[in-house]
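The values are calculated or read from the model by the stated rules, or taken from the named source; none is laboratory data. Predicted, not measured: the structure shown is a model, and the values here were computed from it. All Cβ positions, even for glycine, are placed from backbone atoms using ideal geometry, and neighbour counts span all protein chains on display.
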Amino acid sequence: MTETLWPGEGSPAPDFSLPDADGRIHSLADFSGRWLVLYFYPKDSTSGCTTEAVEFSGLLPRFLALGADVVGVSRDKPASHRKFIDKHELTVMLLSDPDTATLAAYGAWREKKVCGKDCVGTVRSTFLIDPKGVVRKAWPQVAKAAGHAEAVLAALTGLAGS
């Protein structure tokens with residue numbers, strides 16, 4: 001497998017059409033005119049992914065105040081997302097990408113090491129997309145879930161103002 005590239009800062013964000021936890025389909029165009037934090041994570045209800053989703057949910061009012069929506073994407077099915085949302089009282093939208101097309105388009109589906117072994121899977125990554133659909137900031141490999149939402153909020157604050 002060759003190295004997958006992610007959309008760089010200043011490039012158009014790849015489109016997507018994915019179901020949420022209730023089966024409703026959402027696409028990039030649905031967020032037109034607003035900032036979008038699009039984050040990719042490996043699996044519902046795992047420790048790092050739970051930390052990240054809870055932190056984004058806790059900061060959601062501040063993201064909304066800056067005109068931004070926050071959306072998480074993983075391979076998990078909508079029913080898994082519903083359980084994850086309900087169990088942790090998440091307020092961010094979670095989308096399901098079981099065929100990995102969107103994950104691949106954003107470079108989040110690629111080779112990585114797990115327990116010292118090479119495999120292909122979801123690499124935790126985040127993209128801050130402006131109201132015109134352009135990637136303004138990319139975190140192609142988030143090293144630590146804890147504190148990441150705050151870093152994204154700080155970047156958005158710098159770009160969107162106040």
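For the range 45-80, residues that are at pLDDT 95 or above and outside any helix (DSSP H, G or I) total 12. In the range 137-162, the residue that is nearest to residue 8 (Cα to Cα) out of those that are in a strand (DSSP E or B) and not aliphatic (A, V, I, L, M) is 137. Looking at 97, 86, which one is without any contact (Cβ under 8 Å) to a residue 12 or more places away in the chain and either over 19 Å from residue 30 (Cβ atoms) or in contact with a helix residue (DSSP H, G or I) (Cβ under 8 Å, 6 or more places away or on another chain) (or both)? Among 97, 86, only 86 is without any contact (Cβ under 8 Å) to a residue 12 or more places away in the chain and either over 19 Å from residue 30 (Cβ atoms) or in contact with a helix residue (DSSP H, G or I) (Cβ under 8 Å, 6 or more places away or on another chain) (or both).
Look through the range 1-26, keep the residues that are aliphatic (A, V, I, L, M) and at pLDDT 95 or above, and return whichever of them is farthest from residue 150 (Cα to Cα).
25
Close Cβ contacts (under 8 Å, 6 or more residues apart or on different chains) running from residues in the range 140-162 that are on the phi > 0 side of the Ramachandran plot and modelled with pLDDT under 95 to residues that are of a type outside the set (D, E, K, R) and surrounded by 14 or more Cβ atoms within 10 Å (Cβ to Cβ) comprise 161/66; 162/66. Pairs are defined by a Cβ separation below 8 Å, a sequence spacing of at least 6 or placement on different chains, a first member in the range 16-37 that is over 21 Å from residue 84 (Cα atoms), and a second member that is acidic (Asp, Glu) and surrounded by fewer than 12 Cβ atoms within 10 Å (Cβ to Cβ); the pairs so defined are 27/15; 28/15; 29/15. Residues in the range 28-67 that are small (Gly, Ala, Ser) and under 13 Å from the mean Cα position of the chain (by Cα): 53, 57.
Checking every residue in the range 27-36 against the condition of being surrounded by 14 or more Cβ atoms within 10 Å (Cβ to Cβ), at pLDDT 95 or above and under 17 Å from residue 149 (Cα atoms) gives at least one match. Across the range 1-42, the number of residues qualifying as assigned to a loop (DSSP other than H, G, I, E, B) and not β-branched (Val, Ile, Thr) comes to 22.
Whenever a residue of the range 102-131 is free of Cβ contacts under 8 Å to residues at least 60 places away in the same chain and charged (D, E, K, R), its partners that are surrounded by fewer than 15 Cβ atoms within 10 Å (Cβ to Cβ) and part of a strand (DSSP E or B), lying with C-beta atoms within less than 8 angstrom and at least six residues away or across chains, give the pairs 112/118; 112/119; 112/120; 113/119; 118/111. The strands (runs of 3 or more DSSP E) falling completely within the range 81-136 that include 2 or more residues that are crowded, with 21+ Cβ neighbours inside 10 Å and aliphatic (A, V, I, L, M) map to 93-96, 125-129.
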